[in-house]
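Remarks on the structure that follows.
The values are calculated or read from the model by the stated rules, or taken from the named source; none is laboratory data. All of these numbers come straight from a predicted model, not from anything done at the bench. In this analysis, Cβ positions are derived from the backbone assuming ideal geometry, glycine residues included, and neighbour counts consider all displayed protein chains. Note: areas computed on protein heavy atoms with side chains; ligands, DNA, RNA excluded. Shrake-Rupley method; radii C 1.70, N 1.55, O 1.52, S 1.80 Å.
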Amino acid sequence: SSGINAEYGDIEEMRVVGSFKKGTMLAGHKTADVVIILKHLPTKEDTSKVMKILGTKMNQQQTDKAAATTAVTDSGFTYTHAGNTLRISLTTLPSNTTETIDHEKHIKLEHLKNSLAAIRHARWFEENAFQSSIRVMVRILKDFKRRIPFFKNANPWTIDLLAHHSASVTGSQLTIPLVFRRCLQLLAAGILLPGSASISDPCEPGFVKAHSFMSYEHQDELSCGAQTLLRALAHGGFREILGMNGARRVTFDTPIMFDGVIVTPSKLAYEKPTETEKMDTNAGS
C-alpha cells in the first residue's frame with residue numbers, strides 16, 4: 001500500500017475484503033478481493049494509472065516467469081498470474097459519494113457503494129463471526145451455490161448473515177451438525193420469503209432485510225430447495241446433500257429413495273406474472 005501510494009499519492013487506504021479476508025474461500029477458488037479507497041472520486045484514468053503501478057510492482061515480486069495479465073472491469077481491474085487472480089475495486093471516502101458524478105469520466109456510484117459495503121461486511125464478519133461453525137456453514141452454503149441449482153442465486157452477504165444467524169443461540173454454542181440442520185430449517189420455514197421477519201442487515205441503517213434485493217423467484221428457489229434437502233437429511237441423506245465422493249446426487253425434479261423412504265421434492269410456488277397480468281396491474285395503478 002505504501003509503495004503504491006508513494007507513486008500515486010492519492011490513496012487513503014487499501015482493504016482486503018471478500019472470502020479471502022473472511023476465511024471462507026472454497027478449494028479451487030483462486031480469486032482474492034481488495035478495495036482501494038482514493039481521496040477523490042475515482043475516474044477511469046485513475047483505474048489505468050493504479051493498474052499500471054500495481055501491475056509493475058506485482059511483477060517485480062514474482063519468482064517464476066509466467067506471464068501476468070491485467071484487465072479493466074466496471075469497478076476497477078484484475079491482476080492474474082499463474083491462475084491466481086487479484087480483483088481490485090476502486091472507491092472513495094463515503095463523504096465523496098454525494099458529489100456529482102460524470103458517468104463518462106467516473107466509476108459508477110453503484111460500484112463505489114458496493115465496494116464500501118464490501119469493507120463494512122468484511123469488518124462486521126471479522127468482529128462477529130468468531131465461531132468456526134459459522135465459517136464452515138458459509139463454505140457449505142457456497143458449495144451448495146456451486147452444485148445445487150436452487151441455491152445458485154444466493155448472494156454471498158446473505159449467505160454470511162444466514163450462517164451467522166443459524167449459529168447464534170443465546171447461552172450455548174451449537175455444533176456444526178446442529179448449525180447445518182438449523183440453517184436448512186430456517187430456509188425451509190421461509191425466513192427469506194416475502195412477509196417474513198427475515199434477518200436484519202447489520203451494516204445498513206434502519207431495518208433492511210437480508211433478502212430485500214432478491215427476486216420473488218429466487219426467494220422461492222432457496223426455500224423450496226431447502227425443504228427438499230431437509231427431508232433428505234431427516235432420512236440420513238447427509239452424504240448425498242454434501243456431495244461426498246461416491247454418494248448419489250439429490251434430485252429436485254424426481255423422487256429419490258433414502259433407506260427405504262421415498263423423498264418427494266418440493267415444488268416451486270411462485271409463478272411469474274404473464275404480460276397480460278403485468279399490463280392489468282399497471283393499468284390499475
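What is the packing order of peptides 187-196, 122-131, taking the mean over residues of other C-beta atoms within 10 Å and listing the highest first?
On the way: 187-196: 17.8, 122-131: 16.2.
The packing order, highest mean first, is 187-196, 122-131.
Of all accessible surface on segment 143-254 at a 1.4 Å probe, what whole percent is carbon and sulfur?
Taking all protein chains in place, segment 143-254 shows 56 percent carbon and sulfur surface.
Describe numerically, in nm with one decimal, the distance between label points set 7 Å from Cα along Cα→Cβ at residue 49 and at residue 10.
0.5
Taking every eigenvalue of the Cα gyration tensor of segment 81-158, multiplying by 5 and rooting it, what semi-axes result, largest first, whole Å?
Values: eigenvalues 175, 59, 37 Å².
They are 30, 17, 14 Å, listed from largest to smallest.
Can you sort 74, 102, 201 by solvent-accessible area, 1.4 Å probe, largest first?
Details: 74 120, 102 70, 201 15 Å².
Per-residue accessible area, sorted high to low, gives 74, 102, 201.
For segment 178-253, just the Cα atoms, rotate onto the principal axes and tell me the three extents in Å, largest first.
If we take the Cα atoms of segment 178-253, the spans are 47, 26, 19 Å.
Mind sorting out which of (i) 21.6; (ii) 22.9; (iii) 20.7 is the real Kirkwood radius over Cα pairs in Å computed from the coordinates?
(i)
For segment 115-250, with only Lys/Arg (+1) and Asp/Glu (-1) charged at the beta-carbon, what is the dipole magnitude about the Cα centre, in debye rounded to 20?
Details: 16 positive and 10 negative charges, 112 e Å.
Magnitude of the dipole: close to 540 debye.
Exactly which trypsin sites (Lys or Arg not before Pro) in segment 13-51 are in a DSSP loop and have at most 14 other Cβ atoms within 10 Å? Numbers along the way, then the final one.
On the way: sites: 15, 21, 22, 30, 39, 44, 49; in loops: 30, 39.
Loop-located and lightly packed - 30, 39.
Give me the number: length gained by fully extending residue 170 to residue 98, i.e. 0.36 nm times residue separation minus the C-alpha to C-alpha distance, one decimal in nm.
Numbers: separation 72, 0.36 × 72 = 25.92 nm, distance 4.02 nm.
Residue separation times 0.36 nm, minus the Cα-Cα distance, leaves 21.9 nm.
Just going by the charge dipole of segment 1-154, with Lys and Arg at +1 and Asp and Glu at -1 on Cβ, which of 11, 53, 129 is farthest out on the positive end?
129
Based only on Cα atoms, what Rg/Rh ratio does segment 19-149 have, Rh being taken as Kirkwood's radius? Could you put the intermediate results ahead of the total?
Working: Rg = 16.7 Å, Rh = 16.5 Å.
Ratio of gyration radius to Kirkwood radius for segment 19-149: 1.01.
To two decimal places, what compactness ratio does segment 124-258 give when its Cα radius of gyration is scaled by 2.2 N^0.38 Å?
Values: Rg = 14.7 Å, N = 135, 2.2 N^0.38 = 14.2 Å.
Relative to the 2.2 N^0.38 Å estimate, segment 124-258 comes out at 1.03.
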